[in-house]
Amino acid sequence: MRRNAERRVALIDAAIEVLAEQGARGLTFRAVDGAAQVPPGTASNYFASRDDLFTEVGARVYERLQPDEETVARHLEGAQDREKFAAVMRETVRRVAGFRTGYLALLELRLEATRRPELRALLTRSVRADVDANVAGHRASGLPGDATSVRLLHMALNWLIVERLTLPEVYSEQEADDLVARAVERLI
């Protein structure tokens, strides 16, 4: 397998785009080569199999969905009250929905995980780690609410993101913002 780290990341990012646009069946080495604008056969030199490619994409999507340090620092500034919590949740929905292809690829990966045990294990670890990190970060932030509130918001806001990305006319951006505020209000 090839070791050029930058090329590998570029291929994985191209695979995210292919997965979001064409679904799991469209995720082929040839499609990834085309999306990455590299010579035919390049992706097959970097990944041992499609299973390997799916697993690498699953890890990369979660890496790219994480907030940057500046965003985390901004969340920790000021009063840590219910209004701040709602603002953080609204920003999270916007940020995650802003990586449209990544989230759509993640939905495809979740479906594919029902047929690929290694991918299922990776996504299970990734989602569990994400939830645990959100709970720990919430506790450390001093924001109101408990672990159950964080988990319930995780579930509710994930579906709101799915609605915004797949059927954007169901809720306007303002309605989505209002729903986030109401969810925080009722859970905290």
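The values are calculated or read from the model by the stated rules, or taken from the named source; none is laboratory data. All figures in this text were calculated on a predicted structure; none of them were measured in a lab. All Cβ positions, even for glycine, are placed from backbone atoms using ideal geometry, and neighbour counts span all protein chains on display. Quick note on the areas: whole protein, heavy atoms, side chains included, nothing else; ligands and nucleic acids left out. Shrake-Rupley method; radii C 1.70, N 1.55, O 1.52, S 1.80 Å.
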### Message
Tell me which GluC sites (Glu not before Pro) from segment 34-143 have a DSSP coil assignment and no more than 14 other beta carbons within 10 Å of their own.
### Response
E77
### Message
With +1 assigned to the C-beta of every Lys and Arg and -1 to the C-beta of every Asp and Glu, and no other charges, what is the dipole magnitude of segment 67-147 about the Cα centre in debye, to the nearest 20?
### Response
360 debye
### Query
Ignoring ligands and nucleic acids, what accessible area does H138 show with a 1.4 Å probe (Å², nearest 10)?
10 Å²
### Message
Give me the one-decimal nm value for the distance between modelled label points at T166 and E63, 7 Å along each residue's Cα-to-Cβ direction.
### Response
2.7 nm
#### Entry: Rounded to whole Hz, the Karplus (6.51, -1.76, 1.60) HN-Hα couplings of segment 47-61, x for glycine and proline
10, 5, 7, 4, 4, 4, 4, 4, 5, 5, 5, x, 5, 5, 4
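Charges only on Cβ, +1 for Lys and Arg, -1 for Asp and Glu: so what's the dipole of segment 26-81 about the Cα centre, in debye to the nearest 20?
Numbers: 5 positive and 10 negative charges, 82 e Å.
Once rounded to the nearest 20, the dipole reads 400 debye.
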#### Entry: Table column - 3J(HN,Hα) (Hz), segment 161-172, Karplus curve with 6.51, -1.76, 1.60, x for Gly and Pro
5, 4, 4, 4, 8, 9, 9, x, 7, 5, 10, 5
### Summary
The extension gain from T28 to I188, computed as 0.36 nm times the residue separation minus the Cα-Cα distance, is 53.1 nm
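What area, in nm² and to one decimal, does the C-alpha convex hull of segment 105-188 cast on average over all directions? Before the final figure, lay out the partial values.
Working: hull surface 24.8 nm².
Across all orientations, segment 105-188 yields a mean hull projection of 6.2 nm².
Segment 25-70: percent of C-alpha pairs farther apart than 11 Å? All intermediate terms of the calculation are to be shown ahead of the outcome.
On the way: 717 of 1035 pairs.
Distances greater than 11 Å cover 69 percent of the Cα pairs.
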### Task
For segment 144-188, run through the GluC sites (Glu not before Pro) and keep only the ones in DSSP coil with at most 13 other Cβ atoms within 10 Å of their Cβ.
E169
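Taking all protein chains as present, what is the carbon and sulfur share of the accessible area of the chain, in % to the nearest whole number, probe 1.4 Å? The partial results should precede the final answer.
On the way: 5480 of 10550 Å².
In the chain, the share of accessible area belonging to carbon and sulfur is 52 percent.
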### Task
Go through segment 83-97 residue by residue and turn each phi into a ³J(HN,Hα) via Karplus (6.51, -1.76, 1.60, θ = phi - 60°); whole Hz please, and just put x for glycine and proline.
4, 5, 4, 4, 5, 5, 5, 4, 5, 5, 4, 5, 5, 5, 5
### Message
Quick check: from the Cα gyration tensor, does segment 1-100 come out rounded (a/c under 1.5), prolate or oblate?
### Response
prolate
#### Entry: log10 of Debye I(q)/I(0), alpha-carbon scatterers only, for segment 79-138 at 0.20, 0.23, 0.25, 0.27 Å⁻¹
-0.89, -1.01, -1.07, -1.11
## Note on the structure
Here the gain from full extension of E118 to D51, 0.36 nm per residue of separation minus their alpha-carbon distance, amounts to 23.3 nm
### Query
For the chain, what is the accessible area per residue in Å², given a 1.4 Å probe and the full set of protein chains?
56 Å²
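Could you work out Rg/(2.2 N^0.38 Å) for the chain, with Rg from alpha carbons only? Walk me through the numbers before you get to the answer.
Working: Rg = 18.1 Å, N = 188, 2.2 N^0.38 = 16.1 Å.
In units of the 2.2 N^0.38 Å rule of thumb, it is 1.13.
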